[in-house]
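Data block below; observations after.
The values are calculated or read from the model by the stated rules, or taken from the named source; none is laboratory data. Computed from a predicted model, the values in this text were never measured in an experiment. FYI the Cβ positions are ideal-geometry reconstructions off the backbone, even for glycines, and counts take in every protein chain you see.
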């Protein structure tokens, strides 16, 4: 499962070759909301270095990136959705999920799979038995000098969540593979061509005496594993398609529940919520197929009833008033919403495109001045046939200037037409007008990196026919924005969210980084040691640096330093920056050569 081909040997960085493990290690525990609850008296704690059980690894944390998610954890404490209800006083969380590490001790049961000295990057989005057990949340993260990789990450639903790190990548570059993978993943998404077999379906079928609704996808479905639930709510007066769904679900081995309903019951949001609670233990449905002309309240209820990764497909034959869409859930739960004017609901998925970029793309990057926006721009420009036009929007001119200069420095020969637009102080309707003027026929793909809900309602009408609006930024769950979902059906649009990445996405990104296709190090703006974590979190919150911050746990006293400051503070390191500004492995080697890594 580990893909040992080309596996790296112990690092040649001079100060980290020594793999002798100290008896104690520095570690940041978060005991509650607020920076005052991070560590003890504003410092990391010196704790005994853990010993791996037979089915665990002990790793040295070589570099750890800081994500805005870490800011959210500090702000919310146990109110964070992934930590909700956890007693942090008794069970503190160790944050940090953008990790590059080296194995320093192998449990007795794993000696045939791992060796001391092997380098890895970590896919933090761990799943075990379908349950999310993310590193840096449920599992201890990287803001420590030494930590355990435990059973969920080694024997999870996708096998081992560690990927071998190529030797030529620096520690900082390796740590940045995880956030880069989230960006890459957002361009690798496509609607399922059919409802997912053996999953949890909700089918709502009204009476249709004069027309026949269809779902030709039923003919192609094949079993995947065992089980699944199909809830078929149909009009008591009958609908021939209900029988087709029943037969298909039975053929697939699903548990089938049919309900003969009145028209009022079929149009009731309460019915949807009740069925979700009764048949999915409130986890939601993987596929909801909604036939007829739904009301806004019914569409809203169906979106709310989707499970993580769920798809809603609906038919629509007359205009529907605006629907209150939970845009926070759309992002965090990776939901997709599609519609069609066809009598065949399969067209809702068949007529919508994937998020893969094409050479005719009109790409809008909204709120793109931060590090993730930089990655989106670099990724788009790195494509063999990059988009025809890219429009980059932010409210900070200095951030747009960074993007302009990075674009100039890349010298990638791209033929993309790139525009930069400063939306600071501009009313939303004027922003919309200006962006429409830059692309009069609309945008085929909009990546919303803004966490402002009003940005969603502003951007949505700017989609061209067949366009995709991807909510990449984390708007809080429960925040609802009224949107005209009729457009999904009449213009084959798609509304969706993306968050995190899969193992396949991570492996793909790591390969691109290793081949130099993705300039992973170019988004690094600042470095520091482990002790600088509180200041670094504040710096991310205050947007002090335009790009990413990476901490080196084994240089704990290294202060937080912007790369632009290295020429003055650490000229011997700065001399190895590429073009005088971009991080390199040689610069990292020079940094560690300044002194022996410390543990207290």
Confirm whether residue 309 is assigned to a strand (DSSP E or B), on the phi > 0 side of the Ramachandran plot and free of Cβ contacts under 8 Å to residues at least 60 places away in the same chain. yes
When (1) buried (at least 17 other Cβ atoms within 10 Å of the Cβ); (2) in contact with a strand residue (DSSP E or B) (Cβ under 6 Å, 6 or more places away or on another chain) are applied to residue 248, the one that fails is (2)
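Residues are listed down the side, and each one gets a yes or a no for (1) touching a strand residue (DSSP E or B) at 6+ places or on another chain (Cβ under 7 Å); (2) over 30 Å from residue 325 (Cβ atoms):
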position: 503; (1), (2): no, no
position: 519; (1), (2): no, yes
position: 533; (1), (2): yes, yes
position: 550; (1), (2): yes, yes
position: 581; (1), (2): no, yes
position: 588; (1), (2): no, yes
Residue 230: passes all of (1) under 20 Å from residue 298 (Cα atoms); (2) modelled with pLDDT under 95 but (2)
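With respect to residue 580, is the statement that it is surrounded by fewer than 17 Cβ atoms within 10 Å (Cβ to Cβ), touching a helix residue (DSSP H, G or I) at 6+ places or on another chain (Cβ under 9 Å) and at pLDDT below 95 true? Outline the logic, then answer.
Details: surrounded by fewer than 17 Cβ atoms within 10 Å (Cβ to Cβ): yes; touching a helix residue (DSSP H, G or I) at 6+ places or on another chain (Cβ under 9 Å): yes; at pLDDT below 95: yes.
Yes: the conditions hold for residue 580.
Can you give me the ranges of the strands (runs of 3 or more DSSP E) entirely in segment 104-212 with at least 3 residues that are within 26 Å of residue 80 (Cα to Cα), assigned by TED's automatic domain parsing to the domain that holds residue 76 and at pLDDT 95 or above?
Numbers: elements: 119-122, 146-149, 162-164, 200-205.
Those strands (runs of 3 or more DSSP E) span 146-149.
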Would you mind telling me which numbered condition in (1) farther than 30 Å from residue 23 by Cα; (2) in contact (Cβ under 8 Å) with a residue 60 or more places away in the chain; (3) crowded, with 21+ Cβ neighbours inside 10 Å residue 552 fails? (1)
What is the one condition in (1) closer than 19 Å to residue 170 by Cβ; (2) within 23 Å of the chain's Cα centre (by Cα) that residue 552 does not satisfy? (2)
Hey, can you tell me all the residues within segment 82-103 that are surrounded by 14 or more Cβ atoms within 10 Å (Cβ to Cβ) and part of a loop (DSSP other than H, G, I, E, B)? 82, 83, 86, 88, 92, 94, 95, 96, 97
Counting only strands (runs of 3 or more DSSP E) entirely within segment 422-533, those with at least 1 residues that are free of Cβ contacts under 8 Å to residues at least 24 places away in the same chain and within 23 Å of the chain's Cα centre (by Cα) are none
For segment 324-335, name all the residues that are assigned to a loop (DSSP other than H, G, I, E, B) and on the phi < 0 side of the Ramachandran plot. 333, 335
When the residues of segment 316-325 are filtered to those that are crowded, with 22+ Cβ neighbours inside 10 Å and at pLDDT 95 or above, which remaining residue is farthest from the chain's Cα centre (by Cα)? 323
What number goes with the only condition from (1) at pLDDT below 95; (2) closer than 26 Å to residue 509 by Cβ; (3) part of a loop (DSSP other than H, G, I, E, B) that residue 73 does not pass? (3)
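In the set 523, 481, which member is surrounded by 19 or more Cβ atoms within 10 Å (Cβ to Cβ), more than 23 Å from residue 361 (Cα to Cα), modelled with pLDDT under 95 and not assigned by TED's automatic domain parsing to the domain that holds residue 368?
Values: 481 fails: modelled with pLDDT under 95.
Selected residue: 523, the only one of 523, 481 that is surrounded by 19 or more Cβ atoms within 10 Å (Cβ to Cβ), more than 23 Å from residue 361 (Cα to Cα), modelled with pLDDT under 95 and not assigned by TED's automatic domain parsing to the domain that holds residue 368.
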Just to be sure I understand, how many residues within segment 565-579 are touching a strand residue (DSSP E or B) at 6+ places or on another chain (Cβ under 9 Å), touching a residue at least 24 places away in the same chain (Cβ under 8 Å) and either in a helix (DSSP H, G or I) or over 30 Å from residue 46 (Cα atoms) (or both)? 0
For residue 415, the lone unmet condition from (1) surrounded by fewer than 16 Cβ atoms within 10 Å (Cβ to Cβ); (2) under 20 Å from residue 370 (Cα atoms); (3) without any contact (Cβ under 8 Å) to a residue 40 or more places away in the chain is (2)
Filter segment 281-299 down to the residues that are at pLDDT 95 or above and over 22 Å from residue 344 (Cα atoms), then identify the one that is farthest from the chain's Cα centre (by Cα). 297
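Considering only residues of segment 213-243 that are touching a residue at least 24 places away in the same chain (Cβ under 8 Å) and part of a helix (DSSP H, G or I), which is farthest from the chain's Cα centre (by Cα)? Working first, answer last.
First, the residues of segment 213-243 that are touching a residue at least 24 places away in the same chain (Cβ under 8 Å): 213-218, 220-242.
Narrowing the set further to residues that are part of a helix (DSSP H, G or I) leaves 216-218, 220, 240-242.
Numbers: 216: 32, 217: 29, 218: 31, 220: 31, 240: 40, 241: 37, 242: 36 Å.
Going through the qualifying residues, I end up with 240.
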Quick one: would you say residue 53 is buried (at least 20 other Cβ atoms within 10 Å of the Cβ), at pLDDT 95 or above and either within 30 Å of residue 155 (Cβ to Cβ) or in the same structural domain as residue 585 (by TED's automatic domain parsing) (or both)? no
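Going by the structure shown, is residue 347 free of Cβ contacts under 8 Å to residues at least 12 places away in the same chain, crowded, with 16+ Cβ neighbours inside 10 Å and closer than 17 Å to residue 488 by Cβ?
It is true that residue 347 is free of Cβ contacts under 8 Å to residues at least 12 places away in the same chain, crowded, with 16+ Cβ neighbours inside 10 Å and closer than 17 Å to residue 488 by Cβ.
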